[in-house]
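Below is one structure, written out as structure tokens; comments come after it.
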Amino acid sequence: MKPMRPWILAALLPVAVACGNDAQSARNRQGPPPPVVEVATIERATLDDGLRLVGQLEAWESVVLRPETTGVIEGVGFQEGAEVAAGTVLFRLRDDEQQARLREAEAQLQLAQQAFDRAKELAGKNIMAKADRDQATANLAATRARVDLARVELDRTEIRAPFDGVMGARLVSPGDRVTRSTALAAIDAVAQLRLAFAVPEPIVEWVRADMPLRVSVSPFPGESFPGQTYFVSPSLDPRSRQLLLKATVPNPDRRLWPGFFANVQLDTARGAEVLVAPESAVVFDPDGTFVYRVAEGAVAERVAVELGMRREGKVEIKSGLDEGDRVVSAGTHKVGDGRPLQLAGETAGNSPRPATGAPQRETAKSA
């Protein structure tokens, strides 16, 4: 080829520079390409599968037996670890002195009854003064009271089971002298256990009495036991900022033991379907909590939202969005309010048309 003459190069150079400047200016007017983002659809789901808490199982009733009077242990009426019924005599103290006092009081009662009968008869014949009759009546009442007191003292020599339960270790033996402060044995009611646990302040609005729950303990992995709340404390603990709850847990097979550490799954009242979004779609800044909704034309729209429960990467949307809305779930740091978006998995030609007013790029037809 013949070399291009210098005067031709000089003539073409300004044209090339002008074309390059025009292309750069067009790119500057067009701006950077839309960011590529991932989106998710707002849908309804049962987000709340219950609150997961920890607690401790306790005996429904538990007491350490002590005598009501001083005495000497004469007999023991139970085996350690055995179940006993309410009213069963567990310990018996020597009662010779109490028996004698009761017989004495009963003899005095008999004498007072005879004196009262004579006074009543004489008063009916107007032979005895009314004051003497009143004195006989008072003596009879006082003697009856002494008989009742003697019977109470005798009854206190027998220590009975206050409720159905399982006996603990025996702490005394026959022949031991005991006082009112002496511990004899413990008894626990275990046919039904009490579960005590606490919920933190932010979720107290979700709890109430009569809520079903499930309890699991480490000795029985993969197994759970049903229960139901019956008590919600009327106030929070000011130190821990937690609310105390108590529940009943049936224990007919005696498989659960008081003192077990328990994992609690509480079925709250929030189990209905709610609007949910990925947690990754939520953005926080000093102005509040918001998401970027994909508006018509694949344009980002900043929408303030109110959040609720969080579960396994999902969050409840209490207000701000509707079912079916699409939000940016990945790439929120690249998005701005009103900025066009390129949705992942969609080519520029397949993306929705830009919103009205968005810059349009025209392609010149080839000649």
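I want to confirm something. Restricting to the stretch 225-277 and keeping residues that are farther than 14 Å from Leu193 by Cβ and more than 15 Å from the chain's Cα centre (by Cα), which single residue is most open to solvent (accessible area, probe 1.4 Å)?
Restricting to residues being farther than 14 Å from Leu193 by Cβ and more than 15 Å from the chain's Cα centre (by Cα), the top hit is Arg239.
Looking at the stretch 148-178 only, could you name the residues that are part of a strand (DSSP E or B) and either open to solvent by 80 Å² or more (accessible area, probe 1.4 Å) or touching a helix residue (DSSP H, G or I) at 6+ places or on another chain (Cβ under 7 Å) (or both)?
Selection gives Arg160, Arg170, Arg177.
With respect to Ala277, is the statement that it is among the small types (Gly, Ala, Ser) and under 30 Å from Leu321 (Cβ atoms) true?
Spelling it out, Ala277 is indeed among the small types (Gly, Ala, Ser) and under 30 Å from Leu321 (Cβ atoms).
This table checks each residue for (1) in contact with a helix residue (DSSP H, G or I) (Cβ under 6 Å, 6 or more places away or on another chain); (2) modelled with pLDDT under 95; (3) at positive phi; (4) part of a strand (DSSP E or B).
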site	(1), (2), (3), (4)
Asp49	no, yes, no, no
Leu53	no, yes, no, yes
Trp60	no, no, no, yes
Val64	no, no, no, yes
Ala119	yes, yes, no, no
Leu122	no, yes, no, no
Ile127	no, yes, no, no
Leu140	yes, yes, no, no
Arg146	yes, no, no, no
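Can you name every one of the strands (runs of 3 or more DSSP E) wholly within the stretch 249-301 that holds 2 or more residues which are among the aromatic types (Phe, Trp, Tyr)?
288-295
Going through the stretch 234-248 one residue at a time, which ones are out of contact with any helix residue (DSSP H, G or I) (no Cβ under 8 Å at 6 or more places or on another chain) and either not hydroxyl-bearing (Ser, Thr, Tyr) or not in a loop (DSSP other than H, G, I, E, B) (or both)?
Pro234, Asp237, Pro238, Arg239, Leu244, Leu245, Lys246, Ala247, Thr248
Would you please name the residue that is surrounded by the fewest Cβ atoms within 10 Å (Cβ to Cβ), looking only at residues in the stretch 179-191 that are touching a strand residue (DSSP E or B) at 6+ places or on another chain (Cβ under 9 Å) and over 18 Å from Arg94 (Cβ atoms)?
This residue is Ala183.
Identify, please: which residue in the stretch 181-221 is charged (D, E, K, R) and at pLDDT below 95 and is, among those, nearest to Asp253 (Cα to Cα)?
Per the criteria, the residue is Arg214.
Would you check which residues across the stretch 85-116 are aliphatic (A, V, I, L, M) and in contact with a strand residue (DSSP E or B) (Cβ under 6 Å, 6 or more places away or on another chain) and list them?
Within the stretch 85-116, Val89, Leu90, Leu93 meet the criteria.
Which number in (1) at positive phi; (2) not in a loop (DSSP other than H, G, I, E, B) marks the one condition that Gln98 misses?
(1)
Say we look at the stretch 278-307 and pick out the residues that are touching a residue at least 60 places away in the same chain (Cβ under 8 Å) and under 26 Å from Trp206 (Cβ atoms); which of these is surrounded by the fewest Cβ atoms within 10 Å (Cβ to Cβ)?
Pro278
Are there any pairs with C-beta distances below 6 angstrom linking a residue in the stretch 73-89 that is at positive phi to a residue that is assigned to a strand (DSSP E or B), with the two at least 6 apart or on different chains, and if so which?
From the stretch 73-89, the pairs are Gly87/Arg160.
Applying the selection to the stretch 61-86, what residues are under 11 Å from Ile159 (Cβ atoms), surrounded by fewer than 17 Cβ atoms within 10 Å (Cβ to Cβ) and under 39 Å from the mean Cα position of the chain (by Cα)?
Matches in the stretch 61-86: Arg66 only.
Within the stretch 98-142, can you find the residues that are under 60 Å from the mean Cα position of the chain (by Cα) and open to solvent by 100 Å² or more (accessible area, probe 1.4 Å)?
Selection gives Arg101, Arg103, Glu104.
Does at least one position in the stretch 234-244 carry a residue that is hydroxyl-bearing (Ser, Thr, Tyr) and under 29 Å from Gly81 (Cβ atoms)?
Checked the stretch 234-244: no residue is hydroxyl-bearing (Ser, Thr, Tyr) and under 29 Å from Gly81 (Cβ atoms).
Please work out if Ser329 is open to solvent by less than 50 Å² (accessible area, probe 1.4 Å), hydroxyl-bearing (Ser, Thr, Tyr) and either in a strand (DSSP E or B) or modelled with pLDDT of 85 or more (or both).
The answer is yes for Ser329.
The values are calculated or read from the model by the stated rules, or taken from the named source; none is laboratory data. All values reported here derive from a predicted model rather than from experimental measurement. Reconstructed Cβ throughout: ideal geometry from the backbone, glycine too, with neighbour counts over all protein chains shown. Accessible surface is based on the protein model in full, side chains and every heavy atom, while ligands, DNA and RNA are left aside. Shrake-Rupley method; radii C 1.70, N 1.55, O 1.52, S 1.80 Å.
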